[in-house]
Amino acid sequence: MTDLIPPHGGTLKDLRLDAPAAAAARQAAVEHASWDLSERQLCDLELLATGGFSPLEGFLGRADYERVLNEMRLTDGTLWPMPVTLDVSEDFAGQLSSGDRVALRDPEGVILAILHVGDIWRPDRAAEARAVFGTDDPAHPGVAYLLERSHPVYLGGRIEALDLPSHYDFTHLRLTPAELRERFRRSGWRRVVAFQTRNPMHRAHVELTFLAARQAEANLLIHPVVGMTKPGDVDHYSRVRCYEHVLKKYPEQTTALSLLPLAMRMGGPREALWHAIIRRNYGCTHLIVGRDHAGPGKGSDGEDLYGPYEAQALVERYSDELGIQMVPFRMMVYVQERAGYAPIDEVDEAAETVMNISGTEFRRRMREGLEIPEWFGYPEVVTELRKTFPPRARQGVTLFFTGLSGSGKSTIANAVMVKLMERGGRPVTLLDGDLVRKHLSSELGFSREHRDLNIRRIGFVAAEITRNGGVAICAPIAPYAATRGDVREMVEAANGGFIEIHVATPLEECERRDRKGLYAKARAGQIKGFTGIDDPYEAPEAPELRIDTTDCSPEEAAQQVLLKLESRGFIDLR
Ligand code: PPS
C-alpha cells in the first residue's frame, strides 16, 4: 500500500504566545474591551489555539466566511467547510471598530486570548443555515443553535492565545495536535486511522474500527468528541469511562485514546469534511466515515435531513486535496450464524440472520433495567452506563402538584411524602408552595413575573434533587402552562422522571372550604390578583394524573399517586 499522505499532517498553526509575550499581552489587556466566551466559543478557541483548526489563524473574516458558505473554501482557495465565527451581541459590537483588540475570557474571567478585530458584520443567519446545513429547519441542532442561541453580530480577526481553556477532567487523555503527533512519532506509528464518535462504544464499533485499521494497515486512534455534541447525548464523563474499558479490547500497543474538545455542529457531509481536516491536523492519515456521519437526525417533517452515505460521498469528492484518506464504512451488524460481526453489505440476508439493537431500543432496555445481550455490549460498558442511567426504580423523579389554592395539593403531597418515607429507599424532599415562599422566594409577590420566578426556582431545585436520584415533591399553584412546561424540560434533562398531577378540585369547592380565609378576602377585594378570582389558572391539558378531591380522601388521592409511580416503573409496590 502506498503512502499518499506525508505522515502527521503538514504545518500546524499553533497560535499560543510564549510565556513572556503572553504575560505582556495580559497586562496590556486592561485597555481592551472584554468578551466572555460561550461554551461553543471556548471549544472553537481551544482548537484554533492548538492548531486543531489549522490553517485558520483566528475567527473568520467576512470574505472568508462568505466563500466558506458558498464554496467551502477560504479566500486563498484552501478547502474549509465550516464557518468558525465569533458571534457577539449588538451592544458589545457597537463599542468596537476594526483595529481594536478584545480580551476573550473564560467564565471565571481568565483571559485566554486577544482578538485583533478585523471585520464586524451582521450575518444573515438563516442564509448561513441554508448554505452550511442545507436547511433552516430548527429541528436540525446546528440550525437551532444558529437561529436561537447565537448572537447577531460576527467579529472576524486574528487570535493570539495566552492560555488554553482549563480542564480538570481526564487531563491525561487531552492531547493537543502537537502532542498527539509527537506520540505517534515516538511510537513509530506512520499510518493512523482515526475513529470519530459522540456515543458510547459497543462491540460493533470495536469490530468496525478493528477492520478499518486492518484494511488501512494502520494503527487506531479513538478520538471522541468531548466538547459539545448533540443535545441529549450521553455525557462525556460516562462515555470516557466506557472508552477506557473498550481500549482494553484491542491488542496491546495498537490503539490510542485521546479526547477532542470540538463543538460539533451536526452538519453531516460538511462536518465530515471538517472532521477529516481536523484529524489530519492531529497527525492522522485516515478517518473512518461511517453511516450518517455527524448526522442531525430527522427534520420537522419526520424525514432524515441527510442521506445515510451523503457524508461519505462528499469526503470522497474532495479526497485529492484533504491530506487524509477516508476509510468508508457500512453499518456493522451481528450475524447469528457466523457468531460475529460483518458490514451489512457483505451479509446475505436471505440465508443469514442479522441482529441489531437500535439506539432507541438500547435506551429503552437501559431505562427499564432489561438485559443487554453480550453480543451487543461489553458487560463493563453496560455496567458503566447503568450507573449513569439506572433503571426507573432507581432514578430520581419529580412529582409536580398544581392546582388552585385550597385544592388539596399540600395535603396530598404530605401524604405521598410520608408513604414514600415509610417505604424507604430514596431521599424525599417536599417543596410545598408555602414552604418555598418562606425559604426560597420570600421577596416575591404574586405578579406573573414573580410567580414565574418562583416556579423556575422550584424547578431548578427539583431538577437537582432528581439528578441525584431523589424524589422532589412540589406543590405550588403554578398557574401558567408555559412555565410548568419549562420545569418539565429542566427535570427531564436531569435524567429523571416528571409526573404532573393536576389537583382539579373545582373553584366552588376550594372557595367553600376556604381554609385560610383567603377567598373571602379576595372576594372582598382585600387581596388583589388572587388565582381563580381575578388572576388566571391555566389547567394542564395532559397531566400524568388528575385528581378532584371533592369526594376523595387524602389517603385515596395519595394511593392514586403511588399507583401512577408504580405504573411508570419508579416504585415497586409489590
Ligand atoms: S404560585 O402562583 O405558584 O407562585 O403560588 P404559590 O407559591 O403556590 O403560593 C400560593 C400560596 O400563596 C397564598 N397567596 C396567594 N395565592 C394565589 N394568589 C394570590 N394572589 C395569593 N396571595 C397569597 C396562598 O395561601 C397560596 O397557598 P395555597 O397552599 O395554594 O393555598
Q | Pair list, Cβ < 7 Å and 6+ apart or interchain, from the range 426-439 residues that are touching a residue at least 24 places away in the same chain (Cβ under 8 Å) and among the small types (Gly, Ala, Ser) to residues that are outside any helix (DSSP H, G or I) and more than 6 Å from the ligand (Cβ to nearest atom) | A | Gly433/Ala475
Q: Could you grab me the full set of residues in the range 422-433 that are in contact with a Pro (Cβ under 9 Å, 6 or more places away or on another chain) and either at pLDDT below 95 or loosely packed, with under 15 Cβ neighbours inside 10 Å (or both)?
A: Asp432, Gly433
Q: Among what's in the range 507-528 and is assigned to a loop (DSSP other than H, G, I, E, B) and loosely packed, with under 14 Cβ neighbours inside 10 Å, pick the residue that is nearest to the ligand (Cβ to nearest atom).
A: Lys516
Q: Could you tell me which residue of the range 419-438 is nearest to Lys516 (Cα to Cα), considering only residues that are under 32 Å from the mean Cα position of the chain (by Cα) and away from the ligand (no atom under 11 Å from the Cβ)?
A: Leu430
Q) Could we say that Gly485 is open to solvent by 20 Å² or more (accessible area, probe 1.4 Å), without any contact (Cβ under 8 Å) to a residue 24 or more places away in the chain, out of contact with any Leu (no Cβ under 9 Å at 6 or more places or on another chain) and not in a loop (DSSP other than H, G, I, E, B) here? A) yes
Q) How many residues are open to solvent by 10 Å² or more (accessible area, probe 1.4 Å) and within 11 Å of the ligand (Cβ to nearest atom) when one looks only at the range 394-413? A) 7
Q.
It is to be established whether one or more residues within the range 491-503 are outside any loop (DSSP other than H, G, I, E, B), surrounded by 14 or more Cβ atoms within 10 Å (Cβ to Cβ) and within 13 Å of the ligand (Cβ to nearest atom).
A. yes
(Q) Name the residue that is most open to solvent (accessible area, probe 1.4 Å), counting only residues in the range 351-390 that are of a type in the set (Gly, Ala, Ser) and modelled with pLDDT of 90 or more. (A) Ala351
Q: Sort out which residues of the range 185-220 are assigned to a helix (DSSP H, G or I) and touching a Leu at 6+ places or on another chain (Cβ under 8 Å), and write them in order of number.
A: Thr209, Phe210, Ala212, Ala213
Q: Would you check which residues across the range 14-43 are touching a Lys or Arg at 6+ places or on another chain (Cβ under 9 Å), over 15 Å from His116 (Cα atoms) and not in a helix (DSSP H, G or I) and list them?
A: Asp36, Leu37, Ser38
(Q) Given the criteria of a type in the set (Lys, Arg), modelled with pLDDT of 95 or more and surrounded by fewer than 21 Cβ atoms within 10 Å (Cβ to Cβ), does Arg181 qualify? (A) no
Q. In the range 299-325, which residues are more than 27 Å from the chain's Cα centre (by Cα) and buried (at least 17 other Cβ atoms within 10 Å of the Cβ)?
A. Leu322, Gly323, Ile324, Gln325
Q: Confirm whether Asp163 is in contact (Cβ under 8 Å) with a residue 24 or more places away in the chain and open to solvent by 50 Å² or more (accessible area, probe 1.4 Å).
A: yes
**Q.** Selection status of Asp64, out of contact with any Phe, Trp or Tyr (no Cβ under 7 Å at 6 or more places or on another chain) and open to solvent by 10 Å² or more (accessible area, probe 1.4 Å)
**A.** yes
Q: Can you work out which of the residues in the range 454-475 that are within 12 Å of Val487 (Cα to Cα) and within 11 Å of the ligand (Cβ to nearest atom) is most open to solvent (accessible area, probe 1.4 Å)?
A: Arg456
Q. Which condition does Arg130 not pass, out of (1) open to solvent by less than 30 Å² (accessible area, probe 1.4 Å); (2) within 17 Å of Asn70 (Cα to Cα); (3) over 21 Å from the mean Cα position of the chain (by Cα), if it passes all the others?
A. (1)
Q) Residues Asp124, Asp36: which one is within 30 Å of Val315 (Cα to Cα) and surrounded by fewer than 16 Cβ atoms within 10 Å (Cβ to Cβ)? A) Asp124
Q | Residue pairs meeting the criteria (Cβ under 8 Å; at least 6 apart or on separate chains; first over 21 Å from Asp452 (Cβ atoms), in the range 522-537; second within 9 Å of the ligand (Cβ to nearest atom)) | A | Arg523/Ile533
Q: Tell me the helices (runs of 4 or more DSSP H) entirely within the range 56-143 that contain at least 3 residues that are under 20 Å from Glu321 (Cα atoms).
A: 62-71
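The values are calculated or read from the model by the stated rules, or taken from the named source; none is laboratory data. Predicted, not measured: the structure shown is a model, and the values here were computed from it. Backbone-built Cβ (ideal geometry, glycine too); neighbour counts: all protein chains shown. What goes into the accessible areas is simple: the full protein's heavy atoms, side chains included, and nothing from ligands, DNA or RNA. Shrake-Rupley method; radii C 1.70, N 1.55, O 1.52, S 1.80 Å.
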